[in-house]
1. Rounded, prolate or oblate: which one fits region 111-259, using the alpha carbon gyration tensor with axes a ≥ b ≥ c (rounded when a/c is under 1.5, else prolate when a/b beats b/c, else oblate)?
2. Quick check on packing: order 133-140, 161-168 by the mean number of other C-beta atoms within 10 Å, highest mean leading.
3. How big is D for region 45-90, in µm² s⁻¹ as a whole number, if Stokes-Einstein is applied with the Kirkwood radius of its Cα pairs at 25 °C and 0.890 mPa s?
4. Would you mind estimating how fast region 1-141 diffuses translationally, via Stokes-Einstein at 20 °C and 1.002 mPa s with the Kirkwood radius over Cα pairs, in µm²/s?
5. Taking 0.36 nm per residue of sequence separation and subtracting the Cα-Cα distance, how much length would be gained by fully extending the chain between residue 126 and residue 261, in nm to one decimal?
6. State log₁₀ I(q)/I(0) for region 3-86 at q = 0.12, 0.22, 0.23, 0.24 Å⁻¹ as given by the Debye formula over alpha-carbon point scatterers of equal weight, solvent excluded.
7. Mind ranking 27-39, 85-97 by how tightly packed they are, going by the mean number of other C-beta atoms within 10 angstrom, highest first?
8. Output the relative contact order of region 115-234, whole-number percent, from Cα pairs under 8 angstrom with separation of 6+ residues.
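Rule-based calculations on the coordinates, nothing more; no lab input. Because the structure is a prediction, the values reported are computed rather than measured. Every residue, glycine among them, receives a Cβ derived from its backbone with ideal geometry; neighbour counts consider all protein chains shown.
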């Protein structure tokens, strides 16, 4: 059977099952394999051979893919092979994937320096409105105790309770309470969702639940692409990604002496049950104090409760335009 045709069959099945994230992985793998083979008519037997898989892995590494990316593609192909064997479409050796990488390497999470954080917040990006939006979302994540982008995007209007945001982490389900300081309040007001029918606090997502995963994946790719472009426009030596704001907040907190237990609480690195215990011992005033301490160490602010505090916007030096940005 044709490989691409079989992948389309599996993609439709995954869509019917509501497994949209897995479906996107299958589509991405199919495109990658087709690009390598330079042939959309390649059949299953050709793909699921030791020689093809070995050459495909070499191709991915030559392109600059990391081993975790190689593993992601190979694990999808292994799943596809298993489905094809079950349906009697092919027969393969049991050790077919023993000679390609299907493991997992720990990713290196990097924080950017305080100097880079300051360069980001003070840069005048009026000539780059889309980059300015991405910069502001990055800084909002930083101001909200390193909130992950997935949690920022999925914040609900109901999560905003006075001067607090109380939400469940998408990754762990843990409950987190974030005191809102003046810089974050300014950004929240600027980008608040004005659509009364939408449940989302910010205008990042808009889709119904059935298409939410697809839209979020697209938004995340666009966000990371613009952050990379932002780094180029500002001439930064450090890479910026959606995760960097979170890791940078944690690193800044650690270096100024915030207890690691409190950092873990702020980032939600615990189960909901343990989080509730910590919320009882580390009250919101302590969390606000930790966040103020981090922001004061970077921005040298006397107070972060002043309504006139503006950490973002055109109060910095003009950035020289280096290249066009088409969004």
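1. Taking the square roots of the gyration eigenvalues as a ≥ b ≥ c, region 111-259 is oblate.
2. Values: 133-140: 21.1, 161-168: 15.8.
Top of the packing list down: 133-140, 161-168.
3. Values: Rh = 11.2 Å.
It diffuses with D of about 219 µm²/s by this estimate.
4. On the way: Rh = 17.8 Å.
The calculation lands on 120 µm²/s.
5. Details: separation 135, 0.36 × 135 = 48.60 nm, distance 3.97 nm.
Length gained between residue 126 and residue 261: 44.6 nm.
6. With no solvent term, the Cα-only Debye profile gives -0.32, -1.10, -1.20, -1.29.
7. On the way: 27-39: 16.4, 85-97: 12.1.
Sorting 27-39, 85-97 by mean packing, highest first, produces 27-39, 85-97.
8. Details: 104 pairs, mean separation 29.6, N = 120.
Relative CO of region 115-234 lands at 25 percent.
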